[in-house]
Each structure stands twice: as C-alpha cells, then as structure tokens.
Amino acid sequence: MKRRDRTPCGKGRQRGISLIGWLILLILVGGWVYGAIRVVPAYIEDGEIGTTLKGVRNDARTLPIQDIQRELVDQLNINSIDDVKISEFKFTEDGGKLTISINHPIEKSFIGNLSFVIHSNHSITVTRGGGSG
C-alpha cells in the first residue's frame, strides 16, 4: 500500500491571519490613528498661526505696531487660536524694516504624561513706509 505524503500539522491548509494577528494589527493601526487624531490639530494650529502672521504683512508696512497687534488679536480670535497671546509676538524695527516673529510651542497630550510638542516658529519682515519686503 502506498502511503500519502501529508504535511505535518495541516500547515498546507492554513490561510489568512489568525485572531491574535488581527488583534495586534488592530492595536497598531488604532495607536497610529489615535496619535494622528491628537497631533493633526496641532499642525493645523501651526498653519493658522503662520497664515495669521502673513495676513498682516501688507498692513504692517504702514500701520503702527499697536494697530498691527490689534489686527493679530482679531485674526487669532477669528481662527479660534486661544493658546497664543499677543505678548508672544516679537516686533523688531531696524533700519526701516519691521520683523514680526513668534516662537510658540504647541503641546498636545497623548497618553498619560506622554505629550507631543510642535514648535511653531514663524517670521515676516516688511519694509516700512509702503515699500515691498
């Protein structure tokens, strides 16, 4: 009698991923999705801060600093950026040029005491008196 050659433990019939494999995959993908949900708003906030700063570029050529500050506060309120204070903006005048810059850390908690920090660094320089900069 001929004996059939069988694969030990039925390994020839196994296909797909096991339940434990699915759980591990779900945990990994879920962790990445949760991280993205926590971090993406910080990047959006960073972009809004940069857009706000660029939005005052034309007015910064002619307006006094107090009016520029007022406009920045208004734009931050419109964009619902509550964590940034006007005192974080630095105004530097040098030789007919005005530089407005901000260095603002955006911190978002992840799990427990683990947090993500994004450093929002933006700067514009304009020539005062109506020139281009």
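The values are calculated or read from the model by the stated rules, or taken from the named source; none is laboratory data. A quick note: this is a predicted structure, and the numbers were derived from the prediction, not measured. FYI the Cβ positions are ideal-geometry reconstructions off the backbone, even for glycines, and counts take in every protein chain you see. These accessible areas exclude ligands, DNA and RNA; they are computed on the full protein's heavy atoms, side chains included. Shrake-Rupley method; radii C 1.70, N 1.55, O 1.52, S 1.80 Å.
The residue of the range 116-132 that is modelled with the highest pLDDT, among those that are open to solvent by 70 Å² or more (accessible area, probe 1.4 Å) and among the hydrophobic types (A, V, I, L, M, F, W, C), is Val117.
Applying a threshold of 7 Å to beta carbon distances and a minimum spacing of six or more residues, or different chains, the list of pairs starting in the range 103-131 at a residue that is touching a residue at least 12 places away in the same chain (Cβ under 8 Å) and among the polar types (S, T, N, Q) and ending at one that is open to solvent by 50 Å² or more (accessible area, probe 1.4 Å) and part of a loop (DSSP other than H, G, I, E, B) reads Thr125/Gly133; Thr127/Gly133.
Pairs meeting the criteria (first residue in the range 76-101 and on the phi > 0 side of the Ramachandran plot, second residue at pLDDT below 90, beta carbons under 7 Å, at least 6 apart or on different chains) are Gly96/Arg128; Gly96/Gly129. Please determine, by comparing only the residues of the range 57-80 that are of a type in the set (A, V, I, L, M) and under 21 Å from the mean Cα position of the chain (by Cα), which one is nearest to Arg128 (Cα to Cα). Step by step, filter the range 57-80, then rank; the result is Leu72. When the range 63-107 is limited to residues that are among the β-branched types (Val, Ile, Thr) and closer than 30 Å to Ala36 by Cβ, the one that is most open to solvent (accessible area, probe 1.4 Å) turns out to be Ile78.
Tell me, which strands (runs of 3 or more DSSP E) wholly within the range 41-133 include 3 or more residues that are within 30 Å of Gly31 (Cβ to Cβ) and out of contact with any Ser or Thr (no Cβ under 9 Å at 6 or more places or on another chain)?
Numbers: elements: 89-94, 97-111, 114-127.
Here the list reads 114-127.
Restricting the range 6-49 to residues that are at pLDDT 90 or above, of a type outside the set (A, V, I, L, M) and open to solvent by 100 Å² or more (accessible area, probe 1.4 Å), the residue that is farthest from Val117 (Cα to Cα) is Trp22. Here Ala60 passes the criteria (1) of a type in the set (A, V, I, L, M, F, W, C); (2) free of Cβ contacts under 8 Å to residues at least 12 places away in the same chain; (3) surrounded by 14 or more Cβ atoms within 10 Å (Cβ to Cβ) except the one numbered (2).
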